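The values are calculated or read from the model by the stated rules, or taken from the named source; none is laboratory data. It should be emphasised that the depicted structure is a prediction, and the values quoted were computed from it without experimental measurement. Virtual Cβ from ideal backbone geometry, glycine too; neighbours counted across all protein chains shown. Accessible surface is based on the protein model in full, side chains and every heavy atom, while ligands, DNA and RNA are left aside. Shrake-Rupley method; radii C 1.70, N 1.55, O 1.52, S 1.80 Å.
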Amino acid sequence: MPREKKHIGLLGWVARVLMAASAVLLLLSYLSEFVNPAKAWYMAVLGLLYVPLALLNLFLLCWAVARWSRAVLIPLIALLPSFFFVGRYVQFRAPDPEPGPAVSMVSYNVGRFAAASRRLGLKDPAVCADSVVSFLRKADADVICLQEFYMRDMSRVRGYLQRSFPGYDVEYFLYPTDNGCYGNVILSRLPCSGKGKIDFDGSSNLAVWGDYSVGGKRIRIYNCHLESYNISLTRAAKSLAGNYKEAVRNTEEKMRASILRRPAQVDRLMSDMEACPLACIVAGDFNDNPLSYTYRRLCSGRLDTFVEAGKGFGATYRGLWPLLRIDYILHPEEYPARKHEILRKRYSDHFPVRTELKLP
């Protein structure tokens, strides 16, 4: 006797449409790292949405399994490529550290020392800066890369850094403004034989670099701060409570401007690294997720310390933890990562990243 076909009700059809739409969006998010956002900026947004899209497909998969639905294949097929990407976001087991000499690094966007000042009610960012200095001295890293370092008086910067970090070579490039100066800083216990900066057209973001002697070899370290979205979650929430359409339009304009600028900054940075005869370490706030054109390009010829030696969630942006990872340390294969930590300090809207690279 032929088996009677199961009737698909309205809920079943709605679920299938939702599954199909979610699957297509997830598949497009996988492709986002191969598409230059300057040509299709919306692909970068899909890359940013990878985690919620993957979770949505996982939920739909479980729902279909529970209902014994044949549509289970839709989210299942969409999720299969995630086996190649999920390790960029979460690691379940850190490898045992390899013995031998190593160089330690910290990369930290300190947010102009403003986030903790507002949250903790501090009257002066200098109080937050002193807390960050105390934490960094305890971290005891050989190299410290800071982004969005801020001081009111440019003439006091070098003296302040030298007093705060005795024994470190100090390199920095800061932009002066009416309210102070801000930019990137590299602090290193390693001998420095050269330094420079990379300006990005039409932006106050930049990358600074230094050439250092590590284990008898020279290596270049880039400290990068790529184009930010300049979106405040607090201000966005207040705007949504007021003029919804204007808030959405402003957010879209800021995101599009950032997404369109960042590829040119990445290409400029890559050109400099490709012309450099030294092995290169790239650290900093990329303002982009691990499924992006930015990440794929900068990982060319380099490995990700979190993927190699991290454990748990890799998210570094405190405001959207555990969804958003935008701070990285990328290293040459000849300097393998033996340790990676995301330090849950609350002095900024970013968490600092610490790693140890084994010397060849």
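Each Lys and Arg Cβ is given +1 and each Asp and Glu Cβ -1; about its Cα centre, the chain then shows a dipole of about 1140 debye.
Note on the range 262-316: with charges restricted to the Cβ of Lys and Arg (+1) and Asp and Glu (-1), its dipole about the Cα centre is near 100 debye.
Could you order peptides 345-357, 31-43, 201-213 by the average number of other Cβ atoms within 10 Å of their residues, highest first? Provide the component values of the computation, followed by the final result.
Values: 345-357: 22.5, 31-43: 16.8, 201-213: 18.8.
Ranked from most to least packed, the peptides come out as 345-357, 201-213, 31-43.
Thinking of the range 31-74 as a set of Cα atoms, what percent of all their pairs are more than 17 Å apart?
Values: 451 of 946 pairs.
Of the Cα pairs, 48 percent sit more than 17 Å apart.
Modelled spin labels at Arg296 and Lys311, positioned 7 Å past Cα toward Cβ, are 3.2 nm from each other. Per residue, the solvent-accessible area of the chain (1.4 Å probe, heavy atoms of protein chains only, all protein chains present) comes to 50 Å². Using the Cα coordinates of the range 308-347, the gyration tensor eigenvalues translate into equivalent-ellipsoid semi-axes of 22, 10, 9 Å, sorted from longest to shortest.
Peptides 289-297, 179-187 ranked from most to least packed, by the mean per-residue count of other Cβ atoms within 10 Å: 289-297, 179-187.
Kirkwood Rh, the chain, all Cα pairs: how many Å? Walk me through the intermediate numbers first.
Numbers: mean 1/r = 0.0454 Å⁻¹.
Across the chain, the inverse of the average 1/r is 22.0 Å.
Helix by helix, which DSSP H runs in the chain go 18 Å or more along their axis at the Cα atoms and have an average Kyte-Doolittle hydropathy of 0.0 or more?
Passing helices, by number: 10-31, 50-66, 125-139.
Dipole orientation for the range 1-113: of the candidates Ala71, Ala94, Val110, Ala71 has the Cα lying most toward the positive pole (charges on Cβ; Lys, Arg +1; Asp, Glu -1).
Farthest towards the positive end of the charge dipole of the chain, among the residues Ile326, Ala21, Gln162, is the Cα of Ala21, using unit charges on the Cβ of Lys, Arg, Asp and Glu.
For n ≥ 4 DSSP H runs only, could you compute -39500 (n - 2.57) per run for the chain, divide by its residues and tell me the 222 nm figure to the nearest 500?
Details: 11 runs with 135 residues, N = 360.
Helix-only estimate at 222 nm: -11500 deg cm²/dmol.
Which pairs, out of Lys39/Lys245; Lys138/Lys197; Lys138/Lys345; Lys197/Lys311; Lys195/Lys254; Lys217/Lys311, put more than 21 Å between their alpha-carbon atoms?
Distance filter (> 21 Å) returns Lys39/Lys245; Lys138/Lys197; Lys197/Lys311; Lys195/Lys254; Lys217/Lys311.
In terms of packing, defined here as the mean over residues of other Cβ atoms within 10 angstrom, the peptides 160-169, 308-317 line up highest first as 308-317, 160-169. Between Phe59 and Asp267, full extension at 0.36 nm per residue minus the direct alpha carbon distance yields a gain of 71.1 nm.
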